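The values are calculated or read from the model by the stated rules, or taken from the named source; none is laboratory data. Given the structure is predicted, the values throughout are model-derived calculations rather than measurements. When we count neighbours, we look across all protein chains shown, and the Cβ atoms used for this are built from the backbone with ideal geometry, even at glycine. Side chains are part of the model used for accessible areas, which takes the heavy atoms of the whole protein and leaves out ligands, DNA and RNA. Shrake-Rupley method; radii C 1.70, N 1.55, O 1.52, S 1.80 Å.
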Amino acid sequence: MYDFLIIGAGLFGATFARLATDAGKKCLVIDKREHIAGNCFSRDIKGVDVHVYGPHIFHCNDDRIWSFVNRFATFNNFRNSPIAIHQGKAYSLPFNMYTFNQMWGVTKPEEALEKIESQRLVLDREPANLEEQALSLVGYDIYNTLIKDYTKKQWKKNPKELPASIIKRLPVRLTWDNNYFNDKYQGIPEKGYTAMFEEMLKGIEIRLNVDFFKNKEELTTMAERVVFTGKIDEYFDYQYGELEYRTLEFQSEIYDVENVQGNAVVNYSDADVPWTRIIEHKHFQPGNKAKKSYVTKEIPAEWKKDSTPYYPIGDEKNTDLFRKYKHLAESHDDVIFGGRLAEYKYYDMHQIIGSAMSIFNKKGI
Ligand code: UDP
């Protein structure tokens, strides 16, 4: 008999399993995939640590979360400084003095501010959607060049239908600073995410290639409580209908050269380029001397019921539907729901760890 049956060996499941095990509980972690680490999974290909399900850059401000992950991995000093290509011209991200210089030729913060002020959307209320949020932050030039078509491509929705919160992820600065994140702690595990998860799950029983829904009766009788980190609508057999996600298609290639694009992340903001970004994985490992390079194009794709879910969609329809499932989940005291899929939240990695810590503190003991 286990104290917890944890469904999903991704970040929520692994964090919860570690906390519970450290508190003397017995856990069984299952995953339908053949590997641990969920979408953080990475593996070595020709000397390069490949982020198999898209780029993962760890960042946080919270000392507790940072010391937690540092128990399991040593982090490198990678700083994310993506560039965005629009009509053959490169712009720096996030929006900072380099971007404003590339866009308008300005070299002083007050000149950049003047440009933004002259064209930003002024509202006497909070921005109600992504478009309003972007226009009120940076104005029309940057919105039309770097945000509008990228966002349509990524979400296949009009930016007016998307929540303002999506764009709040991107800093806007009047300094010459290309660091994508503001956080005080940033980096990537030196030995890759999979090795970090192996450490997190050390001494915990894991069963891979196990589909919870095909073995539900038997599995649930094996534990006092269940921690479910999969899709919440699937858990409840889609009884109110299906939640939508954005899924991705990855097209990868190994190049026989050391350096293909000179940066880990290059975004493509043109509507007629099918990919949102191209990832050159070796640049996530400063100092990597591999002779070849592994490069992945990330192409947003239509959601189908069996696709791999990546991004929950925060529009009104899905938010309302999720609320119904959440209400239902609240009446199931013996099941703990957590993570990007079960909480239907566009979480970053540190937020998932934070959520697992707080749910464990409330419900785990
Ligand atoms: N975004 C954009 N242009 C860019 C990069 C991002 O308009 O070049 C917007 C877009 O709406 C996207 C959001 O910012 O969905 C968040 O992007 P980010 O790259 O931070 O998210 P990720 O896909 O890495 O989770």
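The accessible surface of region 211-278, taken with every protein chain in place and a 1.4 Å probe, is 42 percent carbon and sulfur.
Derived scalar couplings between HN and Hα for region 264-276 equal 5, 10, 10, 8, 10, 8, 7, 5, 8, 9, x, 8, 7 Hz in order, rounded to whole Hz, by the Karplus curve 6.51 cos²θ - 1.76 cosθ + 1.60 (θ = phi - 60°), x for Gly and Pro. Backbone amide hydrogens, once placed in the peptide plane, bring Y2 within less than 5 Å of A223, E224, excluding anything fewer than 5 places away on its chain. In percent, rounded to a whole number, the relative contact order of region 101-205 is 23, using alpha-carbon pairs under 8 Å and six or more apart. Note on E161 and E34: the model spin-label points, each 7 Å out from Cα along the C-beta direction, lie 3.8 nm apart.
With a cut-off of 16 Å on the backbone N, the residues of region 330-365 near the modelled label site 7 Å out from D22 along Cα-Cβ are 350-365. Assuming charge only on the beta carbon of Lys and Arg (+1) and of Asp and Glu (-1), the dipole of the chain about its Cα centre is about 480 debye to the nearest 20.
When the square roots of the Cα gyration tensor eigenvalues are ordered a ≥ b ≥ c, the ratio a/c for region 85-187 is under 1.5, which makes its shape rounded.
3J(HN,Hα) along region 55-70, derived from phi through the Karplus expression 6.51 cos²θ - 1.76 cosθ + 1.60 where θ = phi - 60°, amounts to x, 10, 10, 7, 8, 6, 10, 8, 4, 5, 5, 5, 6, 4, 5, 6 Hz, with x in place of Gly and Pro. The Rg/Rh ratio of region 209-365, with both radii computed over alpha carbons and Rh defined as the Kirkwood radius, is 1.06.
Using the Kirkwood radius over C-alpha pairs as Rh, can you work out the diffusion coefficient of region 1-105 via Stokes-Einstein at 25 °C, viscosity 0.890 mPa s, in µm² per second? Reported coefficient: 142 µm²/s. Kindly identify region 167-245 as rounded, prolate or oblate by the Cα gyration tensor criterion: order the square roots of the eigenvalues as a ≥ b ≥ c, call it rounded if a/c is under 1.5, otherwise compare a/b with b/c, prolate if a/b is larger, else oblate. Oblate shape, in that a/c is at least 1.5 and b/c is the bigger or equal ratio. Per-residue 3J(HN,Hα) values for region 212-222, derived from phi via the Karplus relation 6.51 cos²θ - 1.76 cosθ + 1.60 with θ = phi - 60°, read 3, 5, 7, 10, 4, 4, 5, 5, 5, 6, 7 Hz in sequence order (x marks Gly and Pro).
Each helix, a run of at least 4 DSSP H residues, gives -39500 (n - 2.57); summed and divided by the residues of the chain, these come to -8000 deg cm²/dmol at 222 nm.
Spherically averaged projected area of the convex hull of Cα atoms, region 5-44: 3.0 nm². Rolling a 1.4 Å probe over the protein heavy atoms gives region 102-224 an accessible area of 54 Å² per residue. For region 120-266, the spread of Cα coordinates along the three principal axes comes to 58, 48, 32 Å, biggest extent given first. For a modelled paramagnetic label at V257, 7 Å from Cα along Cα-to-Cβ, the residues of region 270-299 in reach, with backbone nitrogen under 17 Å, are 278-283, 290-297.
FRET efficiency for K363 and D270, Cβ-Cβ distance as r, R0 = 41 Å, nearest 0.05? Once the sixth-power term is evaluated, E becomes 0.30. Neighbours of E258, meaning other residues whose beta-carbon lies under 13 angstrom from its beta-carbon, give a summed charge of +3 when Lys and Arg score +1 and Asp and Glu score -1.
Extending 7 Å from the Cα toward the beta-carbon at both V172 and K184 defines two label points whose distance is 2.7 nm. In plain terms, if you count all Cα to Cα distances in the chain and split them into 20 Å steps from zero, the share in each step is 27, 57, 16, 0 percent. Checking the cross-link pairs K25/K168; K32/K168; K148/K362; K89/K291; K156/K291 against a 32 Å limit on the alpha carbon distance flags K25/K168; K32/K168; K148/K362; K156/K291 as lying beyond it.
Taking a point 7 Å out from the Cα of K202 in the direction of its Cβ, the residues of region 32-74 whose backbone N falls within less than 15 Å of it are 68-74.
Which whole-number percentage describes the relative contact order of the chain, with Cα contacts under 8 Å and a sequence gap of 6 or more?
Worked out over the chain, it gives 26 percent.
Computed over region 294-365, relative contact order equals 26 percent, with contacts defined as Cα pairs under 8 Å that lie 6+ residues apart.
Beta bridges from DSSP with both residues in the chain: antiparallel share about 60 percent, rounded to the nearest 5. Label positions at E126 and S307, each projected 7 Å from the Cα along the C-beta direction, are separated by 3.0 nm. Of the whole protein surface, W66 contributes about 50 Å² of accessible area at a 1.4 Å probe radius.
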